[in-house]
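Engineer: The structure that follows is given in the form of structure tokens.
The values are calculated or read from the model by the stated rules, or taken from the named source; none is laboratory data. No experiment lies behind these values; they were computed from the predicted model shown. Reconstructed Cβ throughout: ideal geometry from the backbone, glycine too, with neighbour counts over all protein chains shown.
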Amino acid sequence: MDRPRRFFLRRSLAAGCCAAMLLAGCDTTSSKPPPIIPKHPDLGPKANVPAFLHGSIYERVELGNTEPYPVSSYGLVVNLANTGDTTAPQAVREYISKEMYKHGFGQTTTGYKLVSPDRVLRDKSVAIVQVVGMLPPGVREGQSFDVYVSCLPNNRTTSLAGGKLYLTELKKDGANPRNPFGAVNVFGNAKGFIFVNPVYAMNHEPVPRGPAAASLRNGVILDGGLAVKDRPLFLQLRQPQSSVSRAIELRLTERFQNTHVAQAQDEGLVQIYVPARYGTDWEHFARLAMHVFLDSSPEFETIRSQQLLMEARKPDAPLEDISYCWEAIGARALNATAAVLADKNSPPELTFAAARAAAYIGDPTGAAPAALVQMARDATSPFQLNAVQTLGALPPSSTVNHMLRTLLDSDKSSIRIAAYQTLARNHDTSIVQSEVVTPREDHQKFVLDVVPCGGPPLIFATRSGIPRLAIIGTMPEITTPVMFSAMENRLTISSTSFGDNITIYYRPPTPQSDTQVDDARAPKPVKMVSSTDIAQVVRRLGGWLTEEDDRPLDFSYSEVLAILQRLSDERRLVSWHEGQSTAANFVLQEPPRLTPQDLNGPSPDNSRPQGEAKAQTASGHAG
């Protein structure tokens, strides 16, 4: 009797389950799947695309991640002339103390056993600062960039001149005063000598006033940042489609002969990486990649090159885009560019567009570089500077260097400087190059380039990238007799009469703490004799010693420039050029444009394509 009951009970339970399932199936509201939210928006076809760009990557994508990406932290600056202060929020001081201990301060296993973090932070030659690095678009691991340093609010540091930043790790939102320990991922490292505006670098007043007060509380470490991760550029498809995303990856891999140049992340995003041969010129690479055509067949490229030629000869043609298209096509476009270069009646703007493209492609006839050199030598050409810059971007060669050397005698300073910069980059043998290093350690302050040529004396100094001081033309000398003083009369350059030598005398400041002047650590004055040759004077100011010297000078790059600027303003730097005394022209490179907001710390991340923030953060890419 038990067995039938069990059978009946099982049948009843099964029927009940079926009834429940049927009832649930009647609820039509619960059967609808959740709506699928597209990962990338469909922006539709790009409007107003010229016919000659149909079939190009430009037609299908938008370029992204092209803004500088701020990374920051707090750091420690040393070697100040009693102008520092370490006032900071408690969390920031604790962070700095921990970083100092991590680097050996106060530990018995290092040479800093007796130098505790607390003792260092009481020294007036030390300051706690905010450090902001702007990662350039497309920066690759191991590439360098400028770093910006600023004093903290309510901090009493009066000047960062002559200071040196200890190694600092740069992170996203690392300079958060409430939580400096919060950021984890390191995107770059920063260290080096601080460059302040040379106009105020020698202002050693106890309390600077006017514009100097604000200027001396900010500085730049030229080329002082080092990227530790790659930062890709983004190609965001206007109409997401996996097959197109993959086709773009394969086409760019083929065009640049580099399997790492492009990576299709999904149906809407392709990451592209700047190849090594483009260095830091991400804009050239990005624009070239955008002008690549998806069809790479010989027939298409030959026909399209001629179509581009016909388009280029029309009035008001978009020649910059056409030049990039020719460059993207490559060798099969050389017949079209050759036709332009052979036509003596071609307008100068068309000639430049064709010569530029052919030079980058690698014109085997040499007609393109020759056309660029002709423009560079023509003072009336509207493309004179463009031609020099294009020659400078070509792969280094003895032929290009020889052409550029002839431009060092140009009547225009901008042309001479552009030619010098390329020759320096190419390590041309015509430039006598030397590194000026700090006497206390083997660390470069700046590069001194002597560029002999027949032109008038020109002194050029950089304010971005590698700190370089170039003396172009006939060597200037300090006129004698001379009596020059600066830095509250602590520095003097003098001579008793006309002659070939000058005396440099410097009285360093006595170190101070928050409580007292440390007379026991007072450095002795430095006195040395130098020739009037300005190259030797620069080396001496930077730390170069001779056998007759007891101790070196140790001026920073910005302080050396400030001294040269003053000497130039007083017309103390002259040379004999074409039989007459000629004053040296001092040219200081224009600083890069940076808004005050950038110096105040990281801004929200608005440069990432929609839908990619989480994925990119996980993969460790900045921006």
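Engineer: Any idea how many residues of the range 284-318 are within 18 Å of Ile361 (Cα to Cα) and of a type in the set (D, E, K, R)?
Structural biologist: The total comes to 3.
Engineer: Quick check: is even one residue across the range 59-77 in a helix (DSSP H, G or I), surrounded by fewer than 24 Cβ atoms within 10 Å (Cβ to Cβ) and over 24 Å from the mean Cα position of the chain (by Cα)?
Structural biologist: Among the residues of the range 59-77, at least one is in a helix (DSSP H, G or I), surrounded by fewer than 24 Cβ atoms within 10 Å (Cβ to Cβ) and over 24 Å from the mean Cα position of the chain (by Cα), which makes the answer yes.
Engineer: Follow-up question, since we're still on this one. Has the range 227-248 got any residue that is small (Gly, Ala, Ser), buried (at least 18 other Cβ atoms within 10 Å of the Cβ) and within 26 Å of the chain's Cα centre (by Cα)?
Structural biologist: Yes, there is a match, as at least one residue in the range 227-248 is small (Gly, Ala, Ser), buried (at least 18 other Cβ atoms within 10 Å of the Cβ) and within 26 Å of the chain's Cα centre (by Cα).
Engineer: Also: Considering only residues that are of a type in the set (Val, Ile, Thr) and buried (at least 17 other Cβ atoms within 10 Å of the Cβ), look in the range 374-397 and name the one that is farthest from Tyr420 (Cα to Cα).
Structural biologist: Per the criteria, the residue is Thr390.
Engineer: Residue under question is Ala371, and the condition is that it be assigned to a helix (DSSP H, G or I) and crowded, with 21+ Cβ neighbours inside 10 Å; does it hold?
Structural biologist: yes
Engineer: Separate question: Only one of (1) surrounded by fewer than 20 Cβ atoms within 10 Å (Cβ to Cβ); (2) touching a residue at least 24 places away in the same chain (Cβ under 8 Å) is not met by Val436, so which one is it?
Structural biologist: Evaluating Val436 over (1) surrounded by fewer than 20 Cβ atoms within 10 Å (Cβ to Cβ); (2) touching a residue at least 24 places away in the same chain (Cβ under 8 Å) leaves (1) as the failure.
Engineer: Could you check the range 190-221 and list, in sequence order, the residues that are of a type in the set (D, E, K, R) and over 27 Å from the mean Cα position of the chain (by Cα)?
Structural biologist: Selection gives Glu205, Arg209.
Engineer: Now a separate question. Out of the range 58-80, which residues are within 30 Å of Ser297 (Cα to Cα), among the hydrophobic types (A, V, I, L, M, F, W, C) and in contact with a Phe, Trp or Tyr (Cβ under 8 Å, 6 or more places away or on another chain)?
Structural biologist: Leu63
Engineer: To continue, here is another question. Let me spell it out: the conditions are (1) among the hydroxyl-bearing types (Ser, Thr, Tyr); (2) more than 23 Å from Asn335 (Cβ to Cβ); (3) assigned to a helix (DSSP H, G or I), and Tyr360 meets all of them except one. Which number is the exception?
Structural biologist: (2)
Engineer: Just to be sure I understand, how many residues within the range 531-588 are assigned to a loop (DSSP other than H, G, I, E, B), within 30 Å of the chain's Cα centre (by Cα) and hydroxyl-bearing (Ser, Thr, Tyr)?
Structural biologist: So the count comes out to 1.
Engineer: OK, next. Kindly indicate whether Thr365 is more than 30 Å from the chain's Cα centre (by Cα), surrounded by fewer than 14 Cβ atoms within 10 Å (Cβ to Cβ) and either assigned by TED's automatic domain parsing to the domain that holds Gly55 or among the hydroxyl-bearing types (Ser, Thr, Tyr) (or both).
Structural biologist: yes
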